[in-house]
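S.K.: Input: one structure, supplied below.
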Amino acid sequence: MIEVLINADDFGLTKAVNYGILDCHKYGIVNSATIMMNAKATEHAIEIAKKTPSLKVGIHLVLTWGKPLLSDVPSLVDESGFFKKQGVVYGDTNDISLSELEREWSAQIERFLEFGLFPTHLDSHHHVHGITAFLPVIQKLSEKYRLPVRNAGEHLVGVQTVTDVFLDDFYGEMVVEDYFQNLKGRIMDGASVEIMTHPAYMDEELLQVSSYNDKRLKETRILTNAKLPEGFFLRYSINQVQI
């Protein structure tokens with residue numbers, strides 16, 4: 001038996017993203033989503049989460065898109081007050097203040113909690129929680145809020161991860177019809193696996209805020225029709241949250 005968590009990233013990015021994720025859960029195999037707390041459609045995603053308790057919802061920590069929730073985190077932003085771009089963050093992590101990063105990510109978690117929901121786990125936009133230099137921050141937040149995190153590599157020593165294995169290749173040109181049927185043989189029996197997805201419908205706002213757009217629509221179609229191979233089962237509980 002192989003336990004599967006199919007997570008939809010970018011919950012809250014736009015309403016079209018939110019509706020795509022919802023349909024992939026209601027009619028397909030998505031059983032988890034992670035929400036961006038600094039996006040225009042965040043509160044719309046929260047409404048959906050409250051009305052759909054069967055969809056597990058975690059927090060998609062943000063450092064490379066939009067604006068921070070806090071105004072006093074100068075090392076995290078550019079001259080316009082927006083988060084630094086992905087390439088800048090990965091290019092020189094020494095410019096990021098770990099104390100500012102901890103405060104900002106804590107603010108994102110606290111905003112989620114203020115809506116009366118409890119997150120199932122943590123991951124991040126552009127996988128920034130997996131940057132080795134940021135390990136002290138993600139370790140502290142995981143322990144403080146008692147939340148597992150997306151498995152971003154072997155360097156996450158001492159940090160509880162959501163699954164044993166993480167697959168990020170259902171993306172771009174690898175978004176193919178038989179992706180899920182081809183999982184057989186990739187994962188050892190008895191292990192748990194998370195598969196990252198980005199389903200969405202299309203709207204003008206999505207085209208404006210993300211360069212990854214038309215493939216999201218293809219993901220939505222595949223995720224609402226896909227079946228898991230024999231021996232693979234969707235996870236129905238995470239972090240003791242029963243679904």
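S.K.: So which pairs qualify, if the first residue must be in the stretch 139-167 and over 24 Å from Arg103 (Cβ atoms) and part of a loop (DSSP other than H, G, I, E, B), the second must be open to solvent by 40 Å² or more (accessible area, probe 1.4 Å) and among the aromatic types (Phe, Trp, Tyr), the Cβ gap must be under 6 Å, and the two must be at least 6 apart or on different chains?
M.R.: Asn151/Phe166
S.K.: Same structure again: Regarding Gly66, is this residue open to solvent by 10 Å² or more (accessible area, probe 1.4 Å), under 17 Å from Glu205 (Cβ atoms) and over 13 Å from the mean Cα position of the chain (by Cα)?
M.R.: yes
S.K.: To continue, here is another question. Return the residue satisfying two criteria in turn: it lies in the stretch 121-138 and is of a type in the set (Val, Ile, Thr) and not in a loop (DSSP other than H, G, I, E, B), and of such residues it is surrounded by the most Cβ atoms within 10 Å (Cβ to Cβ).
M.R.: Taking the candidates together, the pick is Ile138.
S.K.: If Arg216 satisfies all but one of (1) modelled with pLDDT under 95; (2) part of a helix (DSSP H, G or I), what's the number of the condition it fails?
M.R.: Only one criterion is unmet by Arg216, namely (1).
S.K.: Taking the stretch 27-48 as the region of interest, how many residues are open to solvent by 10 Å² or more (accessible area, probe 1.4 Å) and outside any loop (DSSP other than H, G, I, E, B)?
M.R.: 4
S.K.: Count, please, the residues in the stretch 71-83 that happen to be open to solvent by less than 50 Å² (accessible area, probe 1.4 Å) and within 25 Å of Pro119 (Cβ to Cβ).
M.R.: Summing the residues that are open to solvent by less than 50 Å² (accessible area, probe 1.4 Å) and within 25 Å of Pro119 (Cβ to Cβ) in the stretch 71-83 gives 4.
S.K.: Tell me, which residue of the stretch 4-23 that is surrounded by fewer than 23 Cβ atoms within 10 Å (Cβ to Cβ) and charged (D, E, K, R) is nearest to Thr163 (Cα to Cα)?
M.R.: By that ranking, first place goes to Asp23.
S.K.: What residue, among those in the stretch 192-203 that are of a type in the set (A, V, I, L, M, F, W, C) and within 22 Å of His127 (Cα to Cα), is surrounded by the fewest Cβ atoms within 10 Å (Cβ to Cβ)?
M.R.: Per the stated criteria, the residue is Met196.
S.K.: Then there is this: If you check Phe118, Phe112, which single one turns out to be within 27 Å of Arg235 (Cβ to Cβ) and open to solvent by 60 Å² or more (accessible area, probe 1.4 Å)?
M.R.: From the options Phe118, Phe112, the qualifying one is Phe118.
S.K.: So which residues in the stretch 168-200 are in a loop (DSSP other than H, G, I, E, B) and either among the hydrophobic types (A, V, I, L, M, F, W, C) or in contact (Cβ under 8 Å) with a residue 60 or more places away in the chain (or both), if there are any at all?
M.R.: Within the stretch 168-200, Phe170, Val175, Val176, Phe180, Ile187, Met188, Asp189, Gly190, Ala191, His198, Pro199, Ala200 qualify.
The values are calculated or read from the model by the stated rules, or taken from the named source; none is laboratory data. From a predicted model like this one, the values you see are computed outputs, not experimental measurements. All Cβ positions, glycine included, derive from the backbone under ideal geometry; neighbour counts span all protein chains shown. Side chains are part of the model used for accessible areas, which takes the heavy atoms of the whole protein and leaves out ligands, DNA and RNA. Shrake-Rupley method; radii C 1.70, N 1.55, O 1.52, S 1.80 Å.
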